[in-house]
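The values are calculated or read from the model by the stated rules, or taken from the named source; none is laboratory data. Nothing here was measured: the structure is a model prediction, and the numbers come from that model. All Cβ positions, glycine included, derive from the backbone under ideal geometry; neighbour counts span all protein chains shown. To get the accessible areas, we keep the full protein, side chains included, count just its heavy atoms, and leave off ligands, DNA and RNA. Shrake-Rupley method; radii C 1.70, N 1.55, O 1.52, S 1.80 Å.
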Amino acid sequence: MNQLNTTGIILSRTDYGEADRIITLLTPDAGKLRLMAKGVRRIKSKLAGGIELFSVSNITYIKGRGDIGTLVSTRLITHYGQIIKDIERVQLGYELIKILNKITEDEPEAEYFTLLEHGFAALDEAAVNRKLIEAWFYAQLLREGGFSPNLSTEASGEKLDAYRMYNFDYDSSSFFSISTGIFTAVHIKFLRLLFSPNQPKTLQQVQGIGELLPSCFLLTQTMLRQHLNI
């Protein structure tokens, strides 16, 4: 049988039998793989070190006749070990994995692999705000799914004004001006950055992020629930 090579991130691990484990991996070029890791739960297993959570690994595998192939070998490329030192970052890391596993089909685009990799890298840096990482991740999922909000005009087509206050209409995915609104032009500018291909470490440099983040986080979270049923 032909052996194949790719790069993978663990999405789930299920114990099987006495020492085996079925793993699901997200890859940039082979979609989602379900592989049997034989004997991986034994202490001296050579496979275990390359399939850690919050890691990127090179893997060699054989396709199976059914849905599950066989893991042949693994080599750790990057392990984001700082994540496990903070319980809240661990929990968010698990949540990012869980969401991506839920919304991706068997042949997801490579961008989802890159998104998760960048999410781990951000979580690995204690200086990057955890809520920012979460809001960024939600925004990027929405963008990949084609659900970015209208950040240029109101639903009526009128251009957003730097001197007006706004609220957000989730049905039209656009803002509307109102004197008691909670979004300013600065919020909308930050949302444009959040929905662009920026990374959390860059967004962390935005001035006044502590004041901008709560309402922008709620917007991305609500949109994610509405459009992706998360």
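Just for region 80-93: of the residues that are part of a helix (DSSP H, G or I) and open to solvent by 50 Å² or more (accessible area, probe 1.4 Å), which one is nearest to Asp67 (Cα to Cα)?
Here the answer is Gln91.
Pairs only if they're at least six apart or on different chains, beta carbon under 6 angstrom, first in region 121-141 and under 18 Å from Ile87 (Cβ atoms), second modelled with pLDDT of 95 or more and assigned to a loop (DSSP other than H, G, I, E, B); list them, first residue then second.
Close Cβ pairs (under 6 Å, with a partner that is modelled with pLDDT of 95 or more and assigned to a loop (DSSP other than H, G, I, E, B)) amount to Ala122/Val128; Asp124/Tyr80; Asp124/Gln82; Val128/Gln204.
Looking at Lys44, Lys63, Lys38 in this structure, which one is out of contact with any Ser or Thr (no Cβ under 9 Å at 6 or more places or on another chain) and basic (Lys, Arg)?
Among Lys44, Lys63, Lys38, only Lys44 is out of contact with any Ser or Thr (no Cβ under 9 Å at 6 or more places or on another chain) and basic (Lys, Arg).
Considering only strands (runs of 3 or more DSSP E) fully contained in region 1-55, which possess at least 3 residues that are within 12 Å of Thr74 (Cα to Cα), among the hydroxyl-bearing types (Ser, Thr, Tyr) and free of Cβ contacts under 8 Å to residues at least 12 places away in the same chain?
Result: empty, no element qualifies.
Those residues that are among the aliphatic types (A, V, I, L, M) and more than 14 Å from Thr27 (Cβ to Cβ), I need them from region 51-77; list them, please.
Correct list: Leu53, Ile62, Ile68, Val72, Leu76.
Only one of Asn58, Asn5 is within 22 Å of Phe120 (Cα to Cα) and modelled with pLDDT of 95 or more. Can you tell me which?
Going through Asn58, Asn5 in turn, just one is within 22 Å of Phe120 (Cα to Cα) and modelled with pLDDT of 95 or more: Asn58.
Got at least one residue in region 94-104 being open to solvent by less than 20 Å² (accessible area, probe 1.4 Å), polar (S, T, N, Q) and in contact (Cβ under 8 Å) with a residue 12 or more places away in the chain? Please lay out each step first, then the result.
Within region 94-104, the first condition is being open to solvent by less than 20 Å² (accessible area, probe 1.4 Å), and the residues that meet it are 96-97, 99-100, 104.
Now narrow it down to the ones that are polar (S, T, N, Q): 104.
Subset that is in contact (Cβ under 8 Å) with a residue 12 or more places away in the chain: 104.
The answer is yes; a qualifying residue exists.
Which numbered condition trips up Arg65, out of (1) open to solvent by 80 Å² or more (accessible area, probe 1.4 Å); (2) in contact (Cβ under 8 Å) with a residue 40 or more places away in the chain; (3) assigned to a loop (DSSP other than H, G, I, E, B)?
The one condition Arg65 does not meet is (2).
What number of residues within region 105-120 are charged (D, E, K, R) and free of Cβ contacts under 8 Å to residues at least 60 places away in the same chain?
So the answer is 2.
Scanning for something assigned to a loop (DSSP other than H, G, I, E, B) and either open to solvent by 70 Å² or more (accessible area, probe 1.4 Å) or hydroxyl-bearing (Ser, Thr, Tyr) (or both), does region 137-146 turn up at least one residue?
no
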